[in-house]
Amino acid sequence: MKQILIFRWLTLAGYFGLMALIFYRHLVSGQTAPEQISVLLLIQLGPLMFPLRGLLHGKLYTHAWSMYLALFYFVIGIWYAGAEHTRTFGIMFSSLSLVFFTGTVFYTRFRAKQEKQNNDQTTA
């Protein structure tokens, strides 16, 4: 189904976009003090590592619970957007987390519907 593929790629785009933005913010932009980089990367990238394998393999259950993780990152993005000096970063962070969230929600919906149809056809 074409919709499933589109939302899977949307999920992965939001997911890897968040990872890239976090790396850029702390390693490239120079806005983070050198002694804080490893701690901030661990705190912000650590939770993103849990669903990596399942997202890459297109597992339905992983996409389903990853939507809650996307909401967590949305809240972090809003927190960053609240301060004027990190507003642009916060808006980009929130936007990528919304892309991640949207992808996971619709991938889960359409993939579950497809699996239900496949099960109904095999049992009939």
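Every number in this text was worked out from the coordinates using simple rules, so none of it is lab data. Note that this is a predicted model, so its numbers are computed, not measured. Here the Cβ is made from the backbone with ideal geometry for all residues, glycine too, and neighbour counts use every protein chain on show.
For Leu41, indicate whether it is among the aliphatic types (A, V, I, L, M), part of a helix (DSSP H, G or I) and farther than 30 Å from Lys116 by Cβ. Spell out the reasoning first.
Numbers: among the aliphatic types (A, V, I, L, M): yes; part of a helix (DSSP H, G or I): yes; farther than 30 Å from Lys116 by Cβ: yes.
Yes: the conditions hold for Leu41.
Take the residues in the stretch 17-38 that are of a type in the set (Gly, Ala, Ser) and in a helix (DSSP H, G or I); name whichever of them is farthest from the chain's Cα centre (by Cα). It would help to see each step written out before you state the result.
From the stretch 17-38, those of a type in the set (Gly, Ala, Ser) are 17, 20, 29-30, 33, 38; that's our starting set.
Next, only the ones that are in a helix (DSSP H, G or I) stay: 17, 20, 38.
Numbers: Gly17: 8, Ala20: 11, Ser38: 21 Å.
Ranking the candidates gives Ser38 first.
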**Request:** Hey, can you tell me all the residues within the stretch 1-18 that are without any contact (Cβ under 8 Å) to a residue 24 or more places away in the chain and aromatic (Phe, Trp, Tyr)?
**Result:** Phe16
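Take the residues of the stretch 24-51 that are aliphatic (A, V, I, L, M) and within 19 Å of Thr104 (Cβ to Cβ): which is surrounded by the most Cβ atoms within 10 Å (Cβ to Cβ)? Can you show your working first?
Within the stretch 24-51, the subset aliphatic (A, V, I, L, M) is 27-28, 33, 37, 39-43, 45, 48-49.
Still in the list and also within 19 Å of Thr104 (Cβ to Cβ): 45, 48-49.
On the way: Leu45: 14, Leu48: 20, Met49: 10.
Residue satisfying both the conditions and the ranking: Leu48.
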**Asked** Just for the stretch 87-120: of the residues that are surrounded by fewer than 16 Cβ atoms within 10 Å (Cβ to Cβ) and charged (D, E, K, R), which one is farthest from Met67 (Cα to Cα)?
**Response** Asp120
**Prompt:** What are the residues in the stretch 57-71 that are exposed (fewer than 12 other Cβ atoms within 10 Å of the Cβ) and either among the basic types (Lys, Arg) or within 12 Å of the chain's Cα centre (by Cα) (or both), if any?
**Reply:** Tyr68
